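Q: If you scroll down you'll find the structure; I have some questions about it.
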Amino acid sequence: DGILGLAPAGVSMSGHPNVLNQLELAGVLRPEKSDGSFSLCAPSPAGGVLAIGGRYPREGQHQWMYAAQSTADRYTVDIQSMLIVSPNITTAAAARVDYNFTMAAEAGLGNEDSLPILDSGTNWATFPTKLIKALEQPLVTAICTEKEKNRCIKSVGLLLNSTRVNVCGYFTNDEIERFPDMTLLLRGKQQNLLWLRAGSSATPEISFKLHPFDWAMSPVSGCHNEKNKTYNTIPLQMAVLDGGETLGIDKVTLGAFALSPYAVHFDPSRRRIGFLPSRGASVAGACAPPEAEAGGTRHAAEALATARVGASALLRRE
């Protein structure tokens, strides 16, 4: 049921209503003020906000983007494709990863456990083994130049294998500056009639970005191939695990670290999941709980039950 049991009620292993349903049954959340949804916003290591009963923050510098929740009983999404977006180029010029997400989803038809899922109850992110392998050529194209090209190509391969055998890829500062964004294009959720203007799609795509510091990281416990390091290179490992090889979870899983650049609105009654970019916002900024008004009532969060939660609670599975 997750840390607090906030998964859709239908997936409960115990068969009991989830926390939201129980709060409504107990009268803590009034149905006219709560829509059965909740939001997570953890923009920094200092912590963030869990908001129960609606969307939070209500607004910000950016607009909320909504992806369709593809199954009723899990927070799953449909991934249309994936782009490798190098620095200083437009999304239109980005390289498309040669991996068929639709075919992978159809291969697991009838098995919801195989579908891409948003899981705040775990800190890791995973990609299927075949997707990890498909990343090699577009990453080589984005990162490597003619200078030390053979070493760079080998380092990209080691980087992609790093979560399986605890090795590292070794990169120069110039190469690291060329590390691209990985952008997952999710099937959008139609919100209003404006989506249906002439020439537009009824199901727009939503961009979910993994920046380089979301998918690559410094090694936590050293590397088995430290002898490969040269004086001008920096060791890196994948922050996204090869799920099929390491965990037996051969699918896309977006855990708490991957979700941290966004405020996320889980809205199962409308079969949608919202994203609002929040990276760079302090806890005292875009994701802070509403200030108390005179008389003890809260600002216009429409009776959201908000609670500060430390990063350790959000980013670590107990």
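The values are calculated or read from the model by the stated rules, or taken from the named source; none is laboratory data. The model shown is predicted, which means the values in this text are computed figures rather than measured ones. Every residue, glycine as well, gets a Cβ built from its backbone with ideal geometry; the counts of neighbours run over all protein chains shown. Note: accessible area is taken over every heavy atom of the protein model, side chains too, but ligands, DNA and RNA are not part of it. Shrake-Rupley method; radii C 1.70, N 1.55, O 1.52, S 1.80 Å.
Q: Tell me which helices (runs of 4 or more DSSP H) are completely within the stretch 125-167 and hold 2 or more residues being over 15 Å from Asp181 (Cα atoms) and among the small types (Gly, Ala, Ser), or say none if there are none. If you could, list the steps in order and put the result at the bottom.
A: Numbers: elements: 129-134, 136-143, 149-165.
Once the helices (runs of 4 or more DSSP H) in the stretch 125-167 are filtered for at least 2 residues that are over 15 Å from Asp181 (Cα atoms) and among the small types (Gly, Ala, Ser), what remains is 149-165.
Q: Please enumerate the residues belonging to the stretch 213-238 that are open to solvent by less than 30 Å² (accessible area, probe 1.4 Å) and within 15 Å of Thr183 (Cα to Cα).
A: Across the stretch 213-238, the qualifying residues are Asp214, Trp215, Ala216.
Q: Those residues that are of a type in the set (Ser, Thr, Tyr), within 19 Å of Ala258 (Cα to Cα) and at pLDDT 85 or above, I need them from the stretch 29-65; list them, please. Quick ask: steps written out before the conclusion?
A: Step one: of the stretch 29-65, the residues of a type in the set (Ser, Thr, Tyr) are 34, 37, 39, 44, 56.
Remaining after also requiring within 19 Å of Ala258 (Cα to Cα): 39, 44, 56.
Passing the criteria: only Ser39.
Q: Can we say Ile176 is open to solvent by 10 Å² or more (accessible area, probe 1.4 Å), part of a helix (DSSP H, G or I) and in contact with a helix residue (DSSP H, G or I) (Cβ under 6 Å, 6 or more places away or on another chain)? Reasoning before the result, please.
A: Numbers: open to solvent by 10 Å² or more (accessible area, probe 1.4 Å): yes; part of a helix (DSSP H, G or I): yes; in contact with a helix residue (DSSP H, G or I) (Cβ under 6 Å, 6 or more places away or on another chain): no.
Criteria not met by Ile176.
Q: Check the stretch 231-241 and report whether any residue there is part of a strand (DSSP E or B), over 20 Å from Ile132 (Cβ atoms) and modelled with pLDDT of 90 or more. Show your work before the answer.
A: Applying the first criterion (part of a strand (DSSP E or B)) to the stretch 231-241 yields 234-238, 240-241.
Restricting the remaining residues to those that are over 20 Å from Ile132 (Cβ atoms) gives 234.
Now restrict to residues that are modelled with pLDDT of 90 or more: 234.
Within the stretch 231-241 (the criterion being part of a strand (DSSP E or B), over 20 Å from Ile132 (Cβ atoms) and modelled with pLDDT of 90 or more), the answer is yes, since at least one residue qualifies.
Q: Criterion first (open to solvent by 50 Å² or more (accessible area, probe 1.4 Å), at pLDDT 80 or above and assigned to a loop (DSSP other than H, G, I, E, B)) does Asp1 satisfy it? Please lay out each step first, then the result.
A: On the way: open to solvent by 50 Å² or more (accessible area, probe 1.4 Å): yes; at pLDDT 80 or above: no; assigned to a loop (DSSP other than H, G, I, E, B): yes.
No; evaluated as a whole, the condition is false for this residue.
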